[in-house]
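A quick write-up on the structure given underneath.
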Amino acid sequence: MTRRAVTFEVNGEAVTVDVEPRMLLSDVLRHEVAITGTHVGCEQGSCGACTVIVDGNPVRSCLMLAPQAEGTVIETIESVADGDEMDPVQQALHAEHGLQCGFCTPGIVMSLVAARRAGSDAAAACDEVLGGHLCRCTGYVNIRRAVHRAWEDLPREHDPTVGRSAQGGGSLPVEGGEAS
Ligand code: FES
Ligand code: FES
């Protein structure tokens, strides 16, 4: 299959990859750019493990083809902390023991970071954002506690740059499992 060059920005760095058009963004990030914090679980948009932020919107990278990333600005879990300073969402998950094996955690963090920036409230984050993520380890009690801690104890200013429509990939609706 004919390969093509795709250029985008990921975690502040401009990247050009030469890929087959059928390649998924999740695979490009992991195998071509060697940024492996983005996890791949179901590969069909259900589990949320592969979530990254594209032009301010949380996106399932397993549902986005590499050419759709042309010209976009992508953030992955590797960009969330500021050096040794964890993002409030990460701090809250740590404080509330909101992870077990951690496989689902990068995707959850990216969705919650985007929701906080977009001004979502804690209840919506618990019901709508976590409702789109599947954790196979156990329940969501501590993850929900972490959401409330992140929203109520660690406020962050609204980021007006977030929420504009993505160029190429677009945002995906929250879907999938129950957050209970
Ligand atoms: S791997 Fe993309 S949603 Fe599950
Ligand atoms: S912490 Fe293991 S899958 Fe969620």
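The values are calculated or read from the model by the stated rules, or taken from the named source; none is laboratory data. Nothing here was measured: the structure is a model prediction, and the numbers come from that model. Cβ sites come from the backbone with ideal geometry, for glycine too, and all protein chains shown count toward neighbours. Only protein heavy atoms, including side chains, enter the accessible area calculation; ligands, DNA and RNA are left aside. Shrake-Rupley method; radii C 1.70, N 1.55, O 1.52, S 1.80 Å.
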Surface accessible to a 1.4 Å probe, residue 120 within the full protein complex, Å²: 30 Å²
With the 8 Å Cα cutoff and a minimum separation of six or more residues, the chain has a relative contact order in percent of 26 percent
Rounded to the nearest 10 degrees, the helix 105-117 long axis (Cα) sits at an angle to the longest Cα principal axis of the chain of 80 degrees
Under the helix-only model (-39500 (n - 2.57) for each DSSP H run of 4 or more, divided by the residues of the chain), the mean residue ellipticity at 222 nm, to 500 deg cm²/dmol, is -5500 deg cm²/dmol
List 38, 138, ordered by accessible area with a 1.4 Å probe, largest first: 138, 38
Part-to-part distance (alpha-carbon centres) for the stretch 60-80 and the stretch 16-55, which is given in Å: 7 Å
Magnitude of the charge dipole, the chain, Cβ model with Lys/Arg +1 and Asp/Glu -1, debye to 20: 420 debye
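Within 10 Å of each candidate Cβ there may be at most 14 other Cβ atoms; applying that plus a DSSP loop requirement, which trypsin sites (Lys or Arg not before Pro) in the stretch 9-66 survive? Show your work: numbers first, answer last.
Numbers: sites: 22, 30, 60; in loops: 22.
Those satisfying the criteria are 22.
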Cα point-scatterer Debye curve for the chain, base-10 log of I(q)/I(0) at q = 0.13, 0.19 Å⁻¹: -0.60, -1.26
Total formal charge among the other residues, if their Cβ is under 11 angstrom from that of residue 142, Lys/Arg +1 and Asp/Glu -1: +2
Ordering 3, 116 by how much accessible area each has at a 1.4 Å probe, largest first, what is the list? 3, 116
For residue 51, distant residues with modelled amide H under 5 Å away: 61, 107
